[in-house]
Amino acid sequence: MPRTHPSDAGFSAVELLTTAAVVAVLAALSVPLMGNMLGAYRLSGDARTVSNQLAVAKMRAASLFTQTRLRVNIAARTFQIENWQKTGTPGWVPEGELNQLSTGVTFGSGSVAVAPPNTQTTIGQSPVCKAADGSAIGGTSCVIFNSRGLPVDDTGAPIGSDAFYLTDGTAVFGATVSATGMMRLWRTPAHTTPTWSLQ
């Protein structure tokens, strides 16, 4: 008859239940933290994508020697680069893909009431986009660059207060464009009195 050692007995039911309880408590604590972390990554990623698309629009305007804009559809939560076509039928021609914001991320500044320093006097999205015939396109916002890569309004006049704001309710990102064409990305917690920091 083989001899058994105490170490061959395995785990008791109490030990298994204790381990299962510890794992369950750790999972319950980590799920909300993971959700918050993933939400922060989604917002940050979308803000950086919008900022990068602004930079591409600026370069595209200079390389094509025409006006180029980043058009945002606020309600649909989409954005896309468009180039002004001079030949044939003049108008705005989309370039590349239509980009969609992540789940839970919207265009807006939420409860934040003050713009980043030295950017805008009143916080708000860039002016509404105009169609080729000059009519306003409701629910949109545009940043337009001229052929020298400088921001202009729909009449071609220089402008220095363009911005796109994105939020998920916990934080707000602002992609701003100065009159010289310098772009900056800002972040603040979603409070009425913000503490903007450069990203």
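The values are calculated or read from the model by the stated rules, or taken from the named source; none is laboratory data. Every value quoted in this text rests on a predicted model; they were computed, and no experiment measured them. As a convention, Cβ positions derive from the backbone with ideal geometry for all residues, glycine included, and neighbour counts pool all protein chains shown.
Here are some notes:
- For Q120: the one exception among (1) more than 18 Å from the chain's Cα centre (by Cα); (2) farther than 15 Å from Y165 by Cβ; (3) at pLDDT below 95: (2)
- Residues located in the stretch 171-195, provided they are crowded, with 17+ Cβ neighbours inside 10 Å and more than 19 Å from V72 (Cβ to Cβ): T188, P194
- When A24 is tested against (1) among the small types (G, A, S); (2) at pLDDT below 95; (3) part of a loop (DSSP other than H, G, I, E, B), exactly one condition is not met: (3).
- Qualifying residue in the stretch 101-108 (condition: aliphatic (A, V, I, L, M), in contact (Cβ under 8 Å) with a residue 60 or more places away in the chain and on the phi < 0 side of the Ramachandran plot): yes
- Some residue of the stretch 63-75 being modelled with pLDDT under 95 and either assigned to a strand (DSSP E or B) or within 13 Å of the chain's Cα centre (by Cα) (or both): no
- Pairing residues of the stretch 67-79 that are within 10 Å of N99 (Cβ to Cβ) with residues that are among the basic types (K, R), at Cβ distances under 8 Å and at least 6 apart in sequence or on separate chains, gives F79/R71.
- Condition check for A163: modelled with pLDDT of 95 or more and over 18 Å from M59 (Cβ atoms): yes
- A count restricted to the stretch 83-112 and to residues that are of a type in the set (S, T, N, Q) and assigned to a loop (DSSP other than H, G, I, E, B) stands at 6.
- Those residues of the stretch 124-147 which are closer than 18 Å to I74 by Cα, buried (at least 20 other Cβ atoms within 10 Å of the Cβ) and touching a residue at least 60 places away in the same chain (Cβ under 8 Å), in sequence order: C129, T140, S141, C142, V143, I144
- Residue match in the stretch 36-51 (condition: among the polar types (S, T, N, Q), closer than 20 Å to I159 by Cα and at pLDDT 95 or above): yes
- Within the stretch 129-147, restricting attention to residues that are under 20 Å from the mean Cα position of the chain (by Cα) and either assigned to a loop (DSSP other than H, G, I, E, B) or of a type in the set (D, E) (or both), the residue that is nearest to T68 (Cα to Cα) is C129.
- Scanning the stretch 50-84 for residues that are farther than 24 Å from L166 by Cβ and loosely packed, with under 15 Cβ neighbours inside 10 Å gives S63, F65.
- Which listed residue, of L101, L150, is modelled with pLDDT of 95 or more, touching a helix residue (DSSP H, G or I) at 6+ places or on another chain (Cβ under 9 Å), over 22 Å from F65 (Cβ atoms) and surrounded by 12 or more Cβ atoms within 10 Å (Cβ to Cβ): L101
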